[in-house]
Every structure is written in structure tokens, then in C-alpha cells.
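For reference, the structure discussed in these notes is given below.
What follows is calculated from the coordinates using simple rules that are stated; it is not laboratory data. Bear in mind the structure is a predicted one, so any value in this text is a computation, not a measurement. A quick note on method: Cβ atoms are made from the backbone with ideal geometry, for glycine too, and the neighbour counts reach across all protein chains shown.
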Amino acid sequence: MIDHSRYKSRHSFFIMVMIMLLSNFLLASPFVEDICLTDTIPPPPDVPGIVSGPTQACQGETMVYSADIPIGCETQWFIDGILQNTSADTLEVYWYESGIFIINIEFTCDTTGNTTSFLSVQVVGFPGAPAPIQGDTAACNLTESTYTTMIMEGSWCQWKVDGLVQDTDSTILMYYWTEPGLHVVEVSAVNDCGLSEPVFQYVSVNEWPLVELGNDTTILAGQSLVLDAGNPGCFYLWSTGETTQVITVSTTGNYQVEVSNACGSVEDSLFLEVVVGMDETRVDEINIRISGDQVIINPTGVQIEQIEIWDLAGRLLTRLPLKPTYFLPAKGTFLIRVITYDHRVFGTLVIK
């Protein structure tokens, strides 16, 4: 008769020994690291993703925002709490105004319930126009002018002079004038989204005034003399009270003008003598005649100190001591004045 209980005990002991030996083998084996256990528990369902997209935008731009939507979830998009007309995984937004906005998406899922994701977006508008330019409206050539303005925070300046961009983005422009005339200074505000409308200032750049009326002169009665102070665009004040650049005079006197502009003022004067009458030149005293290009003077019993030759514009052409002949520079009518040592003046008109 077989003792089954003893047989079962031996069999169980044998199995236990085999298990222990196998365990020791596995622990000692270099391949034990490659042995892993397989988890048979199924993974949890997908979790809705966060909102992604640009966090900064410019006013007038269109931006796209997205989120991962798991199967079995329904979505609603909101901007600042206002429901948007889409349930897709993307939201296209046209930013028509500046500010800070909150985009959020709400998920309603069968397995995870309700979930919300947020994204803050800063929308930058175009910069406002700068404040009016402060600085010279009139300047002197070869001098420096300073111009200033004010702009909104977060923007910088673009300066131009006569359409040429200047190398500064500050609110201060320092410019050295090298050419007289009317110039245009302009400034715009700039940010990452564009330029503002420009602000302009016109600047008149003047030369330093320089006036030369000429030498003192003489004209005949009935004639007139034009005095031109030059320097167009300046201010004028004549001793006659006139305030124009050019005046016409016809009486004896001293004529003075002051010329001024933003650079300063200068003065000049001229004495005009109008010859109302003259002594008759008698043949037995002084004989004056024309021969070709020369004036021949033959005094008879008269001590002559000097001879003057004038043109009819009142310009003195020649003033010399007495000599037999004098050269006439051009054709025309000339006034010959003979001045004696006893201060008598004889004059006559000659035509070449």
C-alpha cells in the first residue's frame, strides 16, 4: 500500500527546493535587469491640453490659438468671458483693439469631468502721435538747434530732417544747420507694431546778414538812385522810415539801413549828393572836349586841384590830379567835374 501522504510531502518539498534554486539563479543572473513586469492596469484617459498660441500681438493682426481636445470631450472658447462661435480645437482671433485679454477653453469630458485652461494675451496698439515739437523755428546757418518732443511709454522716436532719417531714437534731436533756406523737421513715435502719424515743424535757416550800400555818390537833379540792402527774407529799417529791401532816393542826404534776422543785425550808410546846378564852363577858363576814348582838359588861367568823372548812375569812375587827358571806360554820358584850389567846381556833361 502506497503512503500517499508521504509522497505528497516529498513532492511539495521538491517543488519548494526548485523554486528557491530558481530564485537564486535569477538574482545572480546578469540579465535580471532586462526582466520587467507588465502592468495590466489600463492607463487613465487623455487629459485635455492647455491653450497655446502667441501671448503678444499687434492691433489689427489675426492670431490662431489651439488646444488638444481628447476624444469624448466637448469644448467652448471664451475671450474675456464672451463665448466664441467655434467648438474646434483652434480659435482664430482678429485683434481689433489693444489691451490685455484672457482666452480660455472649457472642456466637458465623459471621463474627467469639466476642465478649464487659460492664456493671457497682450495686444499692442499703434503708437499715438508725439507731442508738438519744441525748438527753433528760425535758426542761423552753421549753428546747432535742439528739438524735443514727448511720446507714450513703450515707444521710441524716429526723427527726419527734410525727409532724411536721423541717427537717434531719443525724444531729443540736436541738428547742425549747414544750408540756409526753409527746412522741415518731423518726428514719429515707433513701437513693435508700427509708426504713428508724424508731427512737423518748419525751420527757416538764415545766413548772417551782410549789407553794402556802396560808396557815397552824386547824381544830377531829376535823377534817382536805387538803394538795395540785399539779404532777402530779413527785416529792414531805413532812416527814411521805409521797411523794404529796396528804396529809391532822389534828394541830398545820408541814407542808413539796419538789416536784421534771427542771426543778428548790421548797418550801413551812404551819402548822396544831388547836383542841382553847376557853373558854366567858359572857354577862356577851362576847355573840355572828347577825342576818341579820351577826355582832354585844357585849363586857361585856372589852378585845378583834381578832376572827377562820374556816370549817370552816380558812381565815381575816376578822381585824379590834373593831367592833360583822361580815359573814358565805355560809351555813354558822363559828368566831368573840375575842382579848383579855391574850391570852385565846374561841371559839364560829355557824350562818348
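Brief remarks follow.
- Counting neighbouring Cβ atoms within 10 Å and putting the fewest first, the residues Thr146, Thr252 line up as Thr146, Thr252.
- Extension gain (nm, one decimal) between Gln59 and Glu106, 0.36 nm per residue minus Cα-Cα: 14.3 nm
- Each label point was placed 7 Å from the Cα along the Cα-to-Cβ direction; for Leu83 and Asn254 their separation is 9.8 nm.
- Packing-based exposure ordering (other Cβ within 10 Å, fewest first) of Leu164, Leu220: Leu164, Leu220
- In Hz, Karplus ³J(HN,Hα) per residue of segment 219-231 (6.51, -1.76, 1.60; θ = phi - 60°; x = Gly, Pro): 10, 8, 4, x, 8, 9, 10, 8, 10, 10, 7, x, 6
- Here's how it looks for Val51: its modeled amide H is under 5 Å from those of Phe118, which are all 5 or more places away or on a different chain.
- Compared with the rule-of-thumb size 2.2 N^0.38 Å for a compact globular protein, segment 138-206 has a Cα radius of gyration ratio of 1.13.
- Here's how it looks for Gln294: its modeled amide H is under 5 Å from those of Leu328, which are all 5 or more places away or on a different chain.
- Placing a pseudo-label 7 Å from each Cα along the Cα-to-Cβ vector at Asp228 and Ser265 gives an inter-label distance of 2.4 nm.
- Under-5 Å amide H pairs with Ala138, H placed in peptide plane, nonlocal only: Ser204
- Hull-based mean projected area of segment 56-124, where the convex hull spans the alpha carbons, in square nanometres: 4.3 nm²
- A full extension of the chain between Thr148 and Asn298 corresponds to an added length of 46.4 nm, given 0.36 nm per residue minus the alpha carbon distance.
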